[in-house]
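Scroll down for the structure; my scribbles are underneath it.
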Amino acid sequence: MFLSRAAERGDAPFLWAKSGGKWHSRSWRQVADEVCLLAQNLRALGLNDGDRVALISENRPEWCIADLAIMAAGLVTVPTYTTNTERDHLHILENSGARAVIVSTPKLAQPLLSAALRAPCAEFVIGIEPLKQMQASTVSFREWSDMTAGDAATARADVEARIAGIGRSDLACIIYTSGTGGAPRGVRQHHGAILCNVEGAAFILSEDFGWEEEIFLSFLPLSHAYEHTGGQFLPIGMGAQIYYAEGLDKLASNIEETRPTFMVVVPRLFEVLRARIIKQVEKQGKLANYLMGRALSIGGRKADGKGRLIDMPMDAVLERILRPKIRARFGGRIKAMVSGGAPLNPEVGVFFDAMGLTMLQGYGQTEAGPVISCNRPAVGLKMDTVGPPLKGVEVKIAPDGEILVRGELVTHGYWQNEPETERAIPRSGPQAGWLHTGDIGHLDAKGRIVITDRKKDMIVNDKGDNVSPQRIEGMLTLQPEIAQAMVSGDKRPYIVGLIVPDPEWALEWARAQGEHFDFRELQDLPAFRNAIRAAVDRVNKDLSVTEKVRQFTFADEAFSIDNEEMTPSLKIRRHKIRERYGARIDALYKA
């Protein structure tokens, strides 16, 4: 797909990055040359068909080039988060058996190199930027400039001959996602899964919005399946340009500079932008506030299917006075923003729609390419749904209400994890071959998916990152100070914890400090809280940025079968605990 688009687009700009205060582009032809040369040089290292290559980098043109080159070499990409700890890197390297690693900067190389030296499989480390050379070891270092040198025509011929033998069912990448058991699981994405997603998404964008010279702004991590497909391969399939944002802190200015036509985003960004827009309008006086109020009233009625003819004149006024100013903040030519990775609050969707910005909420998971469905104007935007399934995707509802998915987009399973594969995609029985999403829902009258609950306990934060609560809770309760714990963070910016201190440790602490032992009274003492904080901090050292427990509060008593906060098999009953401590947990986000 990429080489076909590159042949069509030639010297037209493709990948953009900012340096020295200016945006610089690489053409489709330049990128194709670099991809083929890197692919040829990867093979020259002795890497063979199906070998895995890990990729650790922030979003930048080289990420896309490396990913495409790995696949063009007949190898398998293993994207890895830039926030991973040494322990995370070691697990992924050992589990995937990656023989080579491409890393962007010396800073990101630090935890990676420690893991690579311990992993028995890693042989080569390729630095996009120059890395500090280490003394002779089991790992051999290469520089990006050397790995992208050579005769491009010869490299291109080699690549074309090789990819002629690669099919849609062949493995393209292994994307690691957190499992309920703790250690990240490698989702096997084949080429057809990605292509199925690209075709389905491109069909919606072209049918509902027209297909012109499209501009995408990439800022979600490319190691996440959502951005990997939606922010990289979808633009490639559409022959679009990709700009790489400088970071979240400069995103607002990058949007105005690049003027994207489409953006792939997570709900948290919308919540931040909504709050910022409201504050800015509030400062502009009574007229601006009146217009926003009317816009939200009209938008709310439209969302409920209760639009009125009497609103049309005011709607026209808003279209001339208010909405152009809001659109200008997004570059002025945005066609749609696609929200995914985590559930979107319908109120936020209605707000942006009322402001004249089209928002499409999608739904999916890494195991499905990752896009399963997406709202679209042609069917009717309804913010409490995630739209109809994409073209080529089958969805049905199991007897217990679980959403099941089938099609080319579904993974062939987890890497070296047959038990989990069988659980997610049974080979036998009435639902054989259907991906079990773990989400509960139904289809409405127009075939749109409505998600009502989560069958699994996985936390999905407001940025779309998956976090396994059991893993964190297990690590917390290994500390002598902590007997029980429940962590929360679904749709929230960070993880918080509800802690039950260990009673024996608490008794010893009270005696040592000369304090009267009362389980409830101790929790009000700053010194006692600091001691528990120290235990939480010890755990945080071994957790990634998204997993760290930022705040905590105490439970009134131990979770038990008697108070219905534990099952007979001694698993915590999350919904019961949330019923009792919900307000206390929510208050941690206001601290």
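Just to confirm my filter: which strands (runs of 3 or more DSSP E) fall fully inside the range 205-315 and include at least 2 residues that are at positive phi and either out of contact with any His (no Cβ under 6 Å at 6 or more places or on another chain) or assigned by TED's automatic domain parsing to the domain that holds Cys374 (or both)?
In the range 205-315, no matching strands (runs of 3 or more DSSP E) lie anywhere.
Quick one: in the range 138-178, of everything that is over 14 Å from Gln40 (Cα atoms) and buried (at least 18 other Cβ atoms within 10 Å of the Cβ), which residue is modelled with the lowest pLDDT?
So the residue we want is Ser178.
Of (1) at pLDDT 95 or above; (2) assigned to a helix (DSSP H, G or I); (3) in contact with a helix residue (DSSP H, G or I) (Cβ under 6 Å, 6 or more places away or on another chain), Asp353 satisfies all except one. Which?
(1)
Every residue, every condition in (1) aromatic (Phe, Trp, Tyr); (2) in contact with a Ser or Thr (Cβ under 7 Å, 6 or more places away or on another chain); (3) more than 24 Å from Ile174 (Cβ to Cβ), yes or no:
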position: Thr105; (1), (2), (3): no, no, no
position: Ala109; (1), (2), (3): no, no, no
position: Ser114; (1), (2), (3): no, no, no
position: Leu117; (1), (2), (3): no, yes, no
position: Pro120; (1), (2), (3): no, no, no
position: Val125; (1), (2), (3): no, no, no
position: Glu129; (1), (2), (3): no, yes, yes
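Please enumerate the residues belonging to the range 436-449 that are surrounded by 14 or more Cβ atoms within 10 Å (Cβ to Cβ) and aliphatic (A, V, I, L, M).
Ile440, Leu443, Ile449
Quickly run through the range 526-555 and pick out the residues that are in contact (Cβ under 8 Å) with a residue 12 or more places away in the chain and in a loop (DSSP other than H, G, I, E, B).
Correct list: Asp542, Leu543, Ser544, Val545, Thr546, Glu547, Lys548, Ala555.
Out of Pro111, Pro120, which single residue is under 24 Å from Thr546 (Cβ atoms), assigned by TED's automatic domain parsing to the domain that holds Ala157 and either surrounded by fewer than 24 Cβ atoms within 10 Å (Cβ to Cβ) or at pLDDT below 95 (or both)?
After applying the criteria, what remains is Pro111.
Step by step: first the residues of the range 538-556, then only those that are of a type in the set (D, E, K, R) and either outside the structural domain of Val496 (by TED's automatic domain parsing) or surrounded by 13 or more Cβ atoms within 10 Å (Cβ to Cβ) (or both), then the one that is farthest from Arg580 (Cα to Cα). Which residue is that?
Only one residue fits best here, namely Asp542.
So the check is Cβ under 9 Å with 6+ separation or different chains; which pairs have a first residue in the range 512-525 that's assigned by TED's automatic domain parsing to the domain that holds Asp502 and a second one that's basic (Lys, Arg) and exposed (fewer than 12 other Cβ atoms within 10 Å of the Cβ)?
Phe517/Arg511
Output the number of the condition that Ser297 fails; it satisfies all remaining conditions of (1) surrounded by fewer than 21 Cβ atoms within 10 Å (Cβ to Cβ); (2) touching a residue at least 40 places away in the same chain (Cβ under 8 Å); (3) of a type in the set (Ser, Thr, Tyr).
(2)
For the list (1) within 27 Å of the chain's Cα centre (by Cα); (2) of a type outside the set (S, T, N, Q); (3) closer than 21 Å to Asp524 by Cα, I need the number of the one condition that Ala555 fails.
Against the list (1) within 27 Å of the chain's Cα centre (by Cα); (2) of a type outside the set (S, T, N, Q); (3) closer than 21 Å to Asp524 by Cα, Ala555 comes up short only on (1).
Filter the range 3-24 down to residues that are of a type in the set (Gly, Ala, Ser) and buried (at least 16 other Cβ atoms within 10 Å of the Cβ) and give me whichever is farthest from the chain's Cα centre (by Cα).
Ala6
Residue by residue, here is whether (1) polar (S, T, N, Q); (2) more than 25 Å from Gly364 (Cα to Cα) holds:
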site: Tyr226; (1), (2): no, no
site: Thr229; (1), (2): yes, no
site: Phe233; (1), (2): no, no
site: Glu246; (1), (2): no, yes
site: Asn254; (1), (2): yes, yes
site: Thr258; (1), (2): yes, yes
site: Val265; (1), (2): no, no
site: Arg268; (1), (2): no, no
site: Ala275; (1), (2): no, yes
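Is it true that Ala201 is assigned to a helix (DSSP H, G or I) and buried (at least 23 other Cβ atoms within 10 Å of the Cβ)?
yes
So, of the residues in the range 554-586 that are in contact with a Ser or Thr (Cβ under 8 Å, 6 or more places away or on another chain) and at pLDDT below 85, which turns out to be farthest from Arg454 (Cα to Cα)?
The residue in question is Ile561.
Can you pull out every residue in the range 356-391 that is part of a loop (DSSP other than H, G, I, E, B) and among the hydrophobic types (A, V, I, L, M, F, W, C)?
Matches in the range 356-391: Leu357, Ala378, Val379, Leu381, Met383, Val386, Leu390.
The values are calculated or read from the model by the stated rules, or taken from the named source; none is laboratory data. This one's a predicted model, so the numbers in the text were calculated from it and none came from an experiment. Don't worry about glycine lacking a Cβ; one is built from the backbone with ideal geometry, like all the others, and counts go over all protein chains shown.
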